[in-house]
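*Asks:* I have a structure I would like to understand better, so I am pasting it below and will then ask my questions one at a time.
Please treat every number below as a calculation from the coordinates, not as lab data. This is a predicted model, so every value here is computed, not measured. So basically every Cβ, Gly included, is an ideal-geometry build from the backbone, and we count neighbours across all protein chains shown.
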Amino acid sequence: MNVAVCTKQIPDPAAPYQLDAETHFLERPTDQILDDTDRYGVEMGLQVAEQTDGSVTLVSMGPAGSLQGIRQALAMGAAKAIVIEDPALQGADSWTTAQVLAAAIKREEFDVVIAGTESTDGSAGVLPQQLAELLGVPSLTFAKHLEQEDGTIRIQRQTGYGYDVVESPTPVLVTVTSGVVEPRYPTFKGIMGAKKKPIDVIGLGDLGVSPTTTQKIVEVRPAPERASGEVIEDDGEAYQRILQILEQAKVI
Amino acid sequence: MKVWVFIEESQGEPAPIGLELLTKARALTEAPAVAYLGNGSDEAFAQLGSYGAATIYHIPTNDHLPSAAGAAALATLAETYDPDVIMFGLTPTDRDVAGRLSARMGLPVISNGIDVLIDGESVTVTSEIFGGSQIVETAFTGKTPHLVVLRPKSFPAEPGGQTTPTVETVGLPDVGHAGAAIVTESHVEEREGPQLEDASVVVSAGRGMGSAENLSLTQRLAELLEAAQGATRAVVDAGWVPYSLQIGQTGKIVKPDVYIACGISGAMQHAVGMKDSKVIIAINKDEEAPIFALCDLGIVGDVNKVLPKLIEALEARK
């Protein structure tokens, strides 16, 4: 099966970043990393492709920068990447992004499209469903386990109280939660090989789409900070302070 | 303003977040309507009436995953009755339906909201982004319905505006291949003791607990305090506890009276799910851990030494 995995390069979450209060844009550094959630999607995609003699194509929208995050996924074993970069896409919302990704994915034939349930930086969590609707395929969402058998994709879908088993014929879109599989680490050979793998950087003109949206950020402000409380070193008796707080809160 | 709330049936009842959103809808409009996805029952509809639902559009489900056909049914309803706002919860099925409806109608969704403001014709959504470090106000600038996805626990669920709702049942349309996914099994993970969403005390375990075996400590503490047990994504990913205990951006959102974070560093993704707890107590051996900036009482120390003493003291008081 041929698998498309939607991937996103994001600023390193370990380094704080924010929306500019004036422009309302996120200033993206040149060196962006692969969204951690996507490593799980890439791993699942590779497993399906390996079992069925297919291949994995990465599809990503956003400033290409040094392509560090994309190369990370190529080093894991994806065959090639399509990156859509266009100044008109700065500050794009999920609806805009879905229209762009759908146009890119439709240029080739895929049996399975995989995406994370949500990105770590934006975390709107509706893009994969928008994409599935545009592609006209079922969306198997919140998969914590995925298997394929004779052209049927079966997942365990997380619910608030447990999980459902859901199955679907292909073509299909699957969203994965992190922690579903153990993402492989790129080997030295993989890292060297990734440098030669094709990365097709294209613009909106190449796709022939000019997506629009109808929402606008009107204000950005810092969230009120919680007053930080008392921090003490445990000298063996700190549990007594916990008891006092529990008493004050009237829970004991 | 016509305000609708999309509510999914969960284990035979309206999903709890649906009642939170319906309470909010009542504050925004006089006669909120509910689009209800599920088997439906007189009890469920009466409950929605006790929260002020004037009209219920009932979309019955079958063994297919309902997102695609449910979104199509909702699109037809929206085209017929022309609501201004449709509110959804940040839950798996709500997100599925909201996303698909958005693409079907060519409209944006504003997600991750914590509040909705209606001022004349303008609809604005307040969201917390980047783990709650910034607040963003986003306005809709195009045609209705405006689709909003709101986080659980953004509003309290309070009955009021008692009605006997009108119920209109609409069928699930055939959406072809997009609706081909079938639910073949449903598993309920049994949980003992208070449920996370409504417990007044939550004892939560992070990677700093060291091992799955050490979770017997947080479990015992939870028993003694009649608390619900929670966990971080790292602990769920490690397979120590099921996903249904996960607290954070991709898990549950809790606001208990007391939250006890055991061996939790307080990463952004976790903080989003618990930072609005009334009192936060944290035990962690790394004094630089971000959780200490959030808590009311922080203990810098070995959680596996502090907890046994705390447990012993609580047992002695029983």
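*Asks:* Helix B:303-317 sits at what angle to the longest principal axis of chain B, using alpha carbons and giving 0 to 90 degrees rounded to 10?
*Replies:* 90
*Asks:* Based on the Cα coordinates of the protein assembly as shown, what is the per residue volume of their convex hull in Å³? Don't skip to the answer; put the middle values down first.
*Replies:* Numbers: hull volume 86.0 nm³, N = 570.
Spelled out: Cα convex hull of the protein assembly as shown, divided by residues, is 151 Å³.
*Asks:* Here's a follow-up. Under a Cβ-only charge scheme (Lys and Arg +1, Asp and Glu -1), can you give me the dipole magnitude of segment A:3-207 about the Cα centre, in debye to the nearest 20? Please list the in-between numbers first.
*Replies:* Details: 15 positive and 28 negative charges, 107 e Å.
Magnitude of the dipole: close to 520 debye.
*Asks:* About the Cα centre, and with charges only on the beta carbon of Lys, Arg (+1) and Asp, Glu (-1), how big is the dipole of segment B:3-179? Nearest 20 debye, please.
*Replies:* Computed charge dipole of segment B:3-179: roughly 340 debye.
*Asks:* What size of dipole, in debye to the nearest 20, comes out for segment B:168-256 about its Cα centre when the only charges are +1 on Lys and Arg C-beta atoms and -1 on Asp and Glu C-beta atoms?
*Replies:* About 460 debye.
*Asks:* If you rank B:Asp257, B:Asp174 by fewest surrounding Cβ atoms within 10 Å, what's the result?
*Replies:* Ranking B:Asp257, B:Asp174 by Cβ neighbours within 10 Å, fewest first, gives B:Asp174, B:Asp257.
*Asks:* From Cα pairs below 8 angstrom and at least 6 apart in sequence, can you work out the relative contact order of segment A:3-207, rounded to a whole percent?
*Replies:* Across segment A:3-207, relative contact order equals 26 percent.
*Asks:* As I understand it, the dipole of chain B uses +1 on the Cβ of Lys and Arg and -1 on the Cβ of Asp and Glu, about the Cα centre. Which of B:Pro152, B:Ala227, B:Gly52 lies farthest toward its positive end?
*Replies:* It is B:Ala227, whose Cα lies furthest towards the positive end.
*Asks:* Show which lysines lie in cross-link reach of B:Lys318 when reach means a straight Cα distance below 28 angstrom and same-chain residues fewer than eight apart are skipped.
*Replies:* Reachable lysines: A:Lys250, B:Lys255, B:Lys278, B:Lys305, B:Lys309.
*Asks:* Using the alpha-carbon atoms, what tilt in degrees (0 to 90, nearest 10) does helix B:67-81 show relative to the longest principal axis of chain B?
*Replies:* For B:67-81 against chain B, the angle is about 50 degrees.
*Asks:* Apply the Karplus parameterisation 6.51 cos²θ - 1.76 cosθ + 1.60, with θ equal to phi minus 60°, to every residue of segment A:54-64 and state each ³J(HN,Hα) to the nearest whole Hz, in sequence, with x for glycine and proline.
*Replies:* Values, residue by residue: x, 9, 10, 10, 8, 10, 9, 10, x, x, 5 Hz.
*Asks:* Measure nothing fancy, just the Cα-based angle from helix B:92-105's long axis to the longest principal axis of chain B, in degrees from 0 to 90, nearest 10.
*Replies:* Helix B:92-105 sits roughly 40 degrees off the main axis of chain B.
*Asks:* For segment B:196-317, what class follows from the C-alpha gyration tensor (a ≥ b ≥ c being the square roots of its eigenvalues): rounded when a/c is under 1.5, otherwise prolate if a/b is larger than b/c, else oblate?
*Replies:* Working: a/c = 1.22, a/b = 1.19, b/c = 1.03.
Since a/c stays below 1.5, the shape of segment B:196-317 is classed as rounded.
*Asks:* Can you sort A:Val180, A:Val172, A:Val218 so the residue with the fewest Cβ neighbours within 10 Å comes first?
*Replies:* Final ranking by Cβ density, sparse to dense: A:Val218, A:Val180, A:Val172.
*Asks:* Relative to the present Cα-Cα distance, how much length would full extension add between B:Arg317 and B:Glu121 at 0.36 nm per residue of separation?
*Replies:* Between B:Arg317 and B:Glu121, full extension yields an extra 64.7 nm.
*Asks:* Starting from the Cα of A:Lys196, draw a straight line to each of the lysines and keep only those under 16 Å, dropping any in the same chain fewer than 8 residues away.
*Replies:* Cross-link targets: A:Lys80.
*Asks:* A follow-up question, please. For segment A:167-172, take each phi angle, set θ = phi - 60°, evaluate the Karplus expression 6.51 cos²θ - 1.76 cosθ + 1.60, and give the result in whole Hz per residue in order, putting x for glycine and proline.
*Replies:* Per-residue couplings from phi come out as 10, 7, x, 8, x, 8 Hz.
*Asks:* Further, regarding this structure: Could you go through segment A:118-133 in sequence order and give the Karplus-derived ³J(HN,Hα) for each residue, using 6.51 cos²θ - 1.76 cosθ + 1.60 with θ = phi - 60°, rounded to whole Hz, and x for Gly and Pro?
*Replies:* Here the 3J(HN,Hα) series is 6, 7, 6, 8, x, 6, 6, x, 10, 4, x, 5, 4, 5, 4, 5 Hz.
*Asks:* For A:Ile153, list long-range residues whose amide hydrogen, built 1.01 Å from N in the peptide plane, is under 5 Å from its own amide hydrogen.
*Replies:* Those lying under 5 Å, H to H, from A:Ile153 are A:Ser168, A:Thr170.
*Asks:* Determine the shape class of chain B: with a ≥ b ≥ c the square roots of the Cα gyration tensor eigenvalues, call it rounded for a/c under 1.5, and otherwise prolate if a/b is greater than b/c, oblate otherwise.
*Replies:* The shape class here is prolate.
*Asks:* What length, rounded to one decimal in nm, is gained on full extension from A:Asp36 through to A:Asp150, with 0.36 nm per residue of separation minus their alpha-carbon distance? Walk me through the numbers before you get to the answer.
*Replies:* Values: separation 114, 0.36 × 114 = 41.04 nm, distance 3.02 nm.
Roughly 38.0 nm would be gained on extension.
*Asks:* Would you list, by chain and number, the lysines whose Cα falls below 19 Å from the Cα of A:Lys144, excluding same-chain residues fewer than 8 positions away?
*Replies:* B:Lys252
*Asks:* On to the next question. Considering the Cα positions of segment B:3-179, please state its Rg to one decimal place and its Dmax as a whole number of Å.
*Replies:* Cα only, segment B:3-179: 15.1, 43 Å (Rg, Dmax).
*Asks:* What do you get for Rg/Rh over segment A:163-203 if you use C-alpha atoms and the Kirkwood form of Rh? Numbers along the way, then the final one.
*Replies:* Details: Rg = 16.3 Å, Rh = 14.5 Å.
With Rg and the Kirkwood Rh in hand, the quotient comes to 1.13.
*Asks:* Here is a follow-up. For a quick check: with amide H placed at 1.01 Å from N, whose amide H comes under 5 Å from B:His64's, ignoring anything fewer than 5 positions away on the same chain?
*Replies:* For B:His64, whose amide H was placed from the backbone, the distant partners under 5 Å are B:Val183.
*Asks:* Give me B:His64, B:His270 sorted ascending by neighbouring Cβ count inside 10 Å, so fewest comes first.
*Replies:* Going from sparsest to densest Cβ surroundings: B:His64, B:His270.
*Asks:* Now, a different point. Kindly flag which residue pairs out of B:Lys24/B:Lys275; A:Lys216/B:Lys24; A:Lys8/B:Lys275 have an alpha-carbon separation exceeding 25 Å in this structure.
*Replies:* A:Lys8/B:Lys275
*Asks:* With r as the distance between the Cβ atoms of B:Ala212 and B:Glu192 and R0 = 22 Å, compute the FRET efficiency 1/(1 + (r/R0)^6) and round to 0.05. Could you put the intermediate results ahead of the total?
*Replies:* Details: r = 17 Å, r/R0 = 0.79.
About 0.80, to the nearest 0.05.
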